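The values are calculated or read from the model by the stated rules, or taken from the named source; none is laboratory data. Please read these numbers as outputs of a predicted model, since none were measured by experiment. Reconstructed Cβ throughout: ideal geometry from the backbone, glycine too, with neighbour counts over all protein chains shown.
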Amino acid sequence: MTLQEILKAQGLTDEQITKVVGDMKQNKIFTATEENLDIRYKDLQSKHGEATGLIEQLKKDNAGNEALQSKVSEYEGKISELEAQLKQTQVDSALKVALLEANVVDVDYLTFKIKEQGEIKLDDKGNIKGLSDTLSTLKTQYPNQFAATENGGKKIEEIKLPQNKAETYSIDTIKGMSADEIAANWEAVETAMASSKSN
């Protein structure tokens, strides 16, 4: 149950509820779905401070130990690299999901086109910022990249291969053919021989 629903159940009007929620925001009073969020945040902040302090202390204590210092620097670099990779993976995944939901035919191509326009950023909910504007621009520029939503969203074009018409040979033609030519055209030769027997 949300705060608005609780206030409504207590008999407050919509105007009063809107005023209470507005006053809460002005006074920086926020609600959260997690219990003791401020305590958990302070605990995590404290642990982060301890970890950072430990790294700094290790650097100071081992100033003469260049091998350990290089390892610490190497691990710090790896952490930064992994964080960047994680962020890029989140952006790529969100973009792919958004394009699939928009019934895009060639997701890779439009991903490339979107990335050409500049850096892609996520909002607090993990959605791509400005996606609706970007999609409407792409629909105008590349309308053939968006599938029609009829018949399940995908248009499948059936392409049939040309039918091979079997060549017919006369017995005289077959007699003049080499063994390789007969082998290559065996079905037609067999058909010609069967039809000559029936005559």
Cβ-Cβ under 8 Å pairs, at least 6 apart or on other chains, segment 132-147 side under 16 Å from Phe112 (Cα atoms), far side among the polar types (S, T, N, Q) and assigned to a loop (DSSP other than H, G, I, E, B)
Thr134/Gln117; Phe146/Asn103
Which members of segment 169-199 meet the condition of being surrounded by fewer than 12 Cβ atoms within 10 Å (Cβ to Cβ) and not in a helix (DSSP H, G or I)?
Ser170, Gly176, Ser178, Asn199
Condition met for Glu34 (modelled with pLDDT under 85, assigned by TED's automatic domain parsing to the domain that holds Thr134 and loosely packed, with under 10 Cβ neighbours inside 10 Å):
no
What number of residues in segment 75-128 are surrounded by 13 or more Cβ atoms within 10 Å (Cβ to Cβ) and either closer than 30 Å to Thr52 by Cβ or without any contact (Cβ under 8 Å) to a residue 12 or more places away in the chain (or both)?
8
